[in-house]
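The values are calculated or read from the model by the stated rules, or taken from the named source; none is laboratory data. If you're wondering where the values come from, they're calculated on a predicted model, not measured in any experiment. For neighbour counting, all protein chains shown are included, and Cβ atoms are generated from backbone atoms with ideal geometry for every residue, glycine included. Just the protein is used for accessible areas: all its heavy atoms, side chains included, with ligands, DNA and RNA removed. Shrake-Rupley method; radii C 1.70, N 1.55, O 1.52, S 1.80 Å.
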Amino acid sequence: MPSTFKKLLIANRGEIAIRIARTAADLGIATVAVHPEDDAKSLHVRMMDEAVVLPGTGAASYLDIGAVIAAAREAGCDAIHPGYGFLSENAAFASACAEAGIVFVGPRAETLSLFGDKGRARAFAIEHSVPVVPGTSGPTSLEDARAFMTSLGANAAVMVKAIAGGGGRGMRPVTDIAQLAEAMERCRSEAKASFGNGDVYVERLFPRARHIEVQIIGDGTGAVSHLWERECSLQRERQKILEIAPAPNLASGVRERLLQAATKLAAAANYLSAGTFEFLVDASDPSDNATIAFIEANVRLQVEHTVTEEVTGVDLVRAQLEIAQGARLSDLKLMQADIPKPSGVAIQARVNLETMQPDGSVRSSGGVISVYEPPSGRGVRVDGYGYAGYRTNPRYDSLLAKVIVHTPRDDFAAAATRTERALAEFRIAGVASNMPF
């Protein structure tokens, strides 16, 4: 469909801003980058048609709603895409866009408000008969968290989680109640810095869980389709590092229950745009009857949306932009009957700037990149923003690039081999990364 958007401000940075800009260019939409002065050398700034400087420094600049709206107005933008992180799940930002007469490319403010509060999201799931992990409701005090943990009995373990945001930030497991106060304080601090909201809650720690998520797309009329599932169980320090589509060795009955639960919740919310519904699956039970539990909805584009694109052929950013311009799923041939079954296997490996510590933990690294040579070849895609001579900035996320591989056949071993080869070919010098890991 012809684009009605003339100019799109991308309220993000790095690889995701570049990825969005490329699809916008395919649609003939001009793009505007934003950045504070300390991020002027980031590659996304030079990859757009225009750039506007934000006041301040660091992540706080990208979280400044007034400044981002002012930048969009200054540049004459009719739409804003928030990417992921920063303001992508901020209901106040979506409302501010509407008040300014600018289209927010994402869910409605009320949807962001509902699912952006994990306590409300849990209650919504329970209301619609979707199972959840037992936990507290809403912002939780230390006293209430202690009472909940005590109620679980001997050897109790909980996960402290930020009410807002995602990406593993503001999340810590606690197996000793004496450590609960410190864990909650650290989660609050991390969540406040990342999402502007320091509220947390606690859930019972789910033993031996697989982390499976379902990609959905909706047009705001109640019409919702799923684009199958992704496996995100390979994590380190609650941070996803490898994602796979489709989830390997998942019982067909479990898959069907996950897809049904995700589309049921999305349809009940009259979901608009792309989103992801995340679940835990009991890894100790390989049968169709394995326990599943809804944990949260990410009402935005996910970092790992790439693997879904590879196995379905659907450009999720394009779909977001077209739906934001009023298209229906039927117009885009994205009704459920139109969505193909996954073709082959896709794996995404996140390349982060980090060093491993003697105790096995990791710490963000940085410096000047002297060599940046990403892999290429059949079935290899790299979304990144590095270049030789770039001085990385410790004020921002450590994610530098994503290596995405796809094999046309349903052969997980072949996909894993191709991933290993691509990572071995990826040359980065001058800074430490997690590629050896």
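Please go through the stretch 352-368 and give me each residue that is in contact (Cβ under 8 Å) with a residue 24 or more places away in the chain, over 17 Å from Val382 (Cα atoms) and not polar (S, T, N, Q), ordered by number.
Step one: filter the stretch 352-368 for residues in contact (Cβ under 8 Å) with a residue 24 or more places away in the chain, giving 352-356, 361-362, 364-368.
Checking which are over 17 Å from Val382 (Cα atoms) leaves us with 354-356, 361-362, 364-368.
Within the stretch 352-368, Glu354, Met356, Val362, Gly366, Gly367, Val368 meet the criteria.
Could you please give the count of residues in the stretch 86-122 that are part of a loop (DSSP other than H, G, I, E, B) and among the hydroxyl-bearing types (Ser, Thr, Tyr)? Outline the logic, then answer.
Restricting attention to the stretch 86-122, the residues satisfying the condition of being part of a loop (DSSP other than H, G, I, E, B) are 86-90, 100-102, 105-108, 117.
Those still in the list that are among the hydroxyl-bearing types (Ser, Thr, Tyr) too: 88.
Qualifying residue count, the stretch 86-122: 1.
Please find, among Leu423, Leu400, the residue that is surrounded by 14 or more Cβ atoms within 10 Å (Cβ to Cβ) and under 22 Å from Val45 (Cβ atoms). Give the steps one after another, and end with the answer.
On the way: Leu423 fails: under 22 Å from Val45 (Cβ atoms).
Sole residue among the options that is surrounded by 14 or more Cβ atoms within 10 Å (Cβ to Cβ) and under 22 Å from Val45 (Cβ atoms): Leu400.
I'd like to verify a number: residues in the stretch 1-34 that are within 21 Å of Gly58 (Cα to Cα), in a strand (DSSP E or B) and within 21 Å of the chain's Cα centre (by Cα), how many?
4
Residues in the stretch 337-351: is at least one part of a strand (DSSP E or B), among the charged types (D, E, K, R) and touching a residue at least 40 places away in the same chain (Cβ under 8 Å)?
If we filter the stretch 337-351 for residues that are part of a strand (DSSP E or B), which is where we start, we get 345-351.
After this cut, where a residue has to be among the charged types (D, E, K, R) as well, the list is 350.
Applying the additional criterion that residues be touching a residue at least 40 places away in the same chain (Cβ under 8 Å) yields 350.
Yes, there is a match, as at least one residue in the stretch 337-351 is part of a strand (DSSP E or B), among the charged types (D, E, K, R) and touching a residue at least 40 places away in the same chain (Cβ under 8 Å).
Working carefully through the options Ser113, Ser141, find the one that is open to solvent by 10 Å² or more (accessible area, probe 1.4 Å), farther than 23 Å from Ala181 by Cα and of a type in the set (Ser, Thr, Tyr). Show your work before the answer.
Details: Ser141 fails: farther than 23 Å from Ala181 by Cα.
Just a single option satisfies the conditions, and that option is Ser113.
Looking only at residues that are assigned to a loop (DSSP other than H, G, I, E, B) and in contact (Cβ under 8 Å) with a residue 24 or more places away in the chain in the stretch 50-80, which one is surrounded by the most Cβ atoms within 10 Å (Cβ to Cβ)? Steps first, please.
Within the stretch 50-80, the subset assigned to a loop (DSSP other than H, G, I, E, B) is 55-58, 63-64, 76-78.
Next cut, in contact (Cβ under 8 Å) with a residue 24 or more places away in the chain only: 57-58, 63, 76-78.
Numbers: Thr57: 13, Gly58: 15, Leu63: 21, Gly76: 12, Cys77: 26, Asp78: 16.
So, considering only residues that are assigned to a loop (DSSP other than H, G, I, E, B) and in contact (Cβ under 8 Å) with a residue 24 or more places away in the chain, the one surrounded by the most Cβ atoms within 10 Å (Cβ to Cβ) is Cys77.
Could you tell me whether any residue of the stretch 327-341 is small (Gly, Ala, Ser), over 18 Å from Ile20 (Cβ atoms) and crowded, with 21+ Cβ neighbours inside 10 Å?
Narrowing the stretch 327-341 to residues small (Gly, Ala, Ser): 327, 330, 337.
Now drop any that are not over 18 Å from Ile20 (Cβ atoms), which leaves 330, 337.
Filter once more, so that each one left must be crowded, with 21+ Cβ neighbours inside 10 Å: none.
For the stretch 327-341, residues small (Gly, Ala, Ser), over 18 Å from Ile20 (Cβ atoms) and crowded, with 21+ Cβ neighbours inside 10 Å: absent.
For Gly275, are the conditions met, namely being open to solvent by less than 40 Å² (accessible area, probe 1.4 Å) and either part of a loop (DSSP other than H, G, I, E, B) or touching a residue at least 60 places away in the same chain (Cβ under 8 Å) (or both)? So that I can check it myself, show each step before the final result.
On the way: open to solvent by less than 40 Å² (accessible area, probe 1.4 Å): yes; either part of a loop (DSSP other than H, G, I, E, B) or touching a residue at least 60 places away in the same chain (Cβ under 8 Å) (or both): yes.
So Gly275 passes the test.
Given the criteria in contact with a helix residue (DSSP H, G or I) (Cβ under 7 Å, 6 or more places away or on another chain), under 19 Å from Asp315 (Cβ atoms) and in a loop (DSSP other than H, G, I, E, B), does Gly83 qualify? Steps first, answer last, please.
Working: in contact with a helix residue (DSSP H, G or I) (Cβ under 7 Å, 6 or more places away or on another chain): yes; under 19 Å from Asp315 (Cβ atoms): yes; in a loop (DSSP other than H, G, I, E, B): yes.
Here the answer is yes, as Gly83 does meet what is asked.
For the stretch 368-396, what are the residues that are under 22 Å from Gln239 (Cα atoms), open to solvent by less than 40 Å² (accessible area, probe 1.4 Å) and in a loop (DSSP other than H, G, I, E, B)?
The initial filter retains those residues of the stretch 368-396 that are under 22 Å from Gln239 (Cα atoms), namely 381-386, 392-396.
Those left that are additionally open to solvent by less than 40 Å² (accessible area, probe 1.4 Å): 382-386, 392-393, 396.
Those that are under 22 Å from Gln239 (Cα atoms), open to solvent by less than 40 Å² (accessible area, probe 1.4 Å) and in a loop (DSSP other than H, G, I, E, B): Tyr385, Gly386, Thr392, Asn393, Tyr396.
Just the residues that are on the phi < 0 side of the Ramachandran plot and open to solvent by 30 Å² or more (accessible area, probe 1.4 Å), please, taken from the stretch 85-103.
The first filter runs over the stretch 85-103 and keeps only residues on the phi < 0 side of the Ramachandran plot, leaving 87-100, 102-103.
Glu89, Asn90, Ala92, Ser95, Ala98, Glu99, Val103 - these are the residues of the stretch 85-103 that are on the phi < 0 side of the Ramachandran plot and open to solvent by 30 Å² or more (accessible area, probe 1.4 Å).
With of a type outside the set (Val, Ile, Thr) and in contact (Cβ under 8 Å) with a residue 60 or more places away in the chain as the only criterion, which of Glu237, Glu231 stands out?
Details: Glu231 fails: in contact (Cβ under 8 Å) with a residue 60 or more places away in the chain.
One residue alone meets the criteria, Glu237.
Sort out which residues of the stretch 181-197 are touching a Lys or Arg at 6+ places or on another chain (Cβ under 6 Å), more than 14 Å from Asn90 (Cα to Cα) and not aliphatic (A, V, I, L, M), and write them in order of number. Can you show your working first?
If we filter the stretch 181-197 for residues that are touching a Lys or Arg at 6+ places or on another chain (Cβ under 6 Å), which is where we start, we get 183, 187, 190, 194.
Now restrict to residues that are more than 14 Å from Asn90 (Cα to Cα): 183, 187, 190.
Residues satisfying the conditions are Cys187, Glu190.
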